[in-house]
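Below: one structure, written as structure tokens.
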Amino acid sequence: MEWLTDNKIPVGKAAESVVDWLIANGSAFFDALENGLSVIVEAILAVLQFPPPLIGVAIITVMSFLLHRSIIFTIAMAVGLLFIVNQGYWEETTETLTLVLSSAFLCMAIGVPIGIYLAHHPRAFAIARPILDLMQTLPTFVYLIPAIIFFGIGMVPGLVATVIFVIPAPIRLTQLGIAATPAALREAGTAFGASSWQMLRKVELPYALPQIMAGLTQTIMLSLSMVVIAALVGADGLGIPIVRALNTVNTSLGFEAGFVIVVLAILLDRLLRVKKTS
């Protein structure tokens, strides 16, 4: 048995070597990436925090009514948002929404094109599948180590770790939707002389739209699940009071922030269901 453990595969050392190489050769890239992500985060945060809390609640409530056209849904949205304000977590909620919206934007912007490519190239998807499995099953805390090394402390490393963990969802669901397009629809498009771009835009994407929207829903929900983990690297938001409550064994603080996260998750889920079915 000792011969097996004495000759273990150097997985950890190989990963450390890769990180060291990236630090030595990619510092300029990571600095530029950090600056770009910081601009996105700060822009979204500025928009969300610009109106006073009650004005922000009113704006979101009106938008919810325009999307849902339901008085009951609108009242539920207003009550949920007012509960967040009542608990004193509006600022933390906007910070969490910034992280969620930023990760959703990046994941969809990157994941949907990759999913389309993989749907059209089955061999590439066969190679990418175990990589996607690894990205989703590797403990999320592992992502925090290189994120801190490359980007320091703050929202950016939390955003990067969130994107790495979440992006397999839109890739998989986009690939599934495009690949599941019925052959009859493809043949009809070909018979009408559709080019590859026209086939994608007028046949495959409309058919795959429910799956793509499901990918958006999963992206936002998974991003929200990363709130507490991102707080460990200094990302602002609702994860901070939970980490603080854990460190001080403060039951009251923990349940307050926890219930606010639950309310926010429910509101986002209902809102996204509206978008998907509209």
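The values are calculated or read from the model by the stated rules, or taken from the named source; none is laboratory data. Not measured: the values here are computed from a predicted model. Backbone-built Cβ (ideal geometry, glycine too); neighbour counts: all protein chains shown. Note: areas computed on protein heavy atoms with side chains; ligands, DNA, RNA excluded. Shrake-Rupley method; radii C 1.70, N 1.55, O 1.52, S 1.80 Å.
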- Note on the structure: The simple spin-label model distance between ALA194 and ILE23, using points 7 Å out along Cα→Cβ, in nm, is 5.1
- Query: the range 114-193: which chymotrypsin sites (Phe, Trp or Tyr not before Pro) are DSSP loop and have at most 15 other beta-carbon atoms within 10 angstrom?
  - Reply: PHE192
- Hey, could you get me the Stokes-Einstein D for the range 169-278, Kirkwood radius over alpha-carbon pairs, 25 °C and 0.890 mPa s, rounded to whole µm² s⁻¹? 147
- Query: Which semi-axes, in whole Å and largest first, does the equivalent ellipsoid of the range 22-123 have when worked out from the alpha carbon gyration tensor as the square roots of 5 times its eigenvalues?
  - Reply: 34, 22, 10
- Note on the structure: Mean accessible area per residue over the range 110-177 (1.4 angstrom probe, all protein chains present, square angstrom) is 46
- Message: Taking R0 as 35 Å, what FRET efficiency do you get between ASN35 and ALA265 from their Cβ-Cβ distance, rounded to the nearest 0.05?
- Response: 0.70
- Student exercise, the chain dipole from Lys, Arg, Asp, Glu Cβ charges, in Debye to nearest 20: 1120
- Message: Among ASN25, ILE72, VAL41, which residue has its Cα furthest toward the positive end of the charge dipole of the range 1-80, with +1 on Lys/Arg Cβ and -1 on Asp/Glu Cβ?
- Response: ILE72
- Query: If you average over every viewing direction, what projected area does the convex hull of the Cα atoms of the range 168-212 give, in nm²?
  - Reply: 2.8
- Compute the Rg to Rh ratio over the chain from the alpha carbon atoms, using the Kirkwood formula for Rh, and round to two decimal places. 1.03
- Let me know the longest stretch in the chain that avoids all trypsin sites (Lys or Arg not before Pro) found in a DSSP loop with at most 13 other C-beta atoms within 10 Å. 70-278
- What is the distance, in nm, between label points placed 7 Å from the Cα along the Cα-to-Cβ direction at GLU91 and at ILE145? 3.5
- One finds the C-alpha centres of the range 223-272 and the range 8-50 to be spaced, in Å, by 24
- Query: Label-point separation (nm) for ILE153 and ASN250, each offset 7 Å from Cα along Cα-to-Cβ?
  - Reply: 1.8
- Answer in debye to the nearest 20: the dipole magnitude of the range 157-278 about its Cα centre, from +1 Lys/Arg and -1 Asp/Glu charges placed on Cβ, is 300
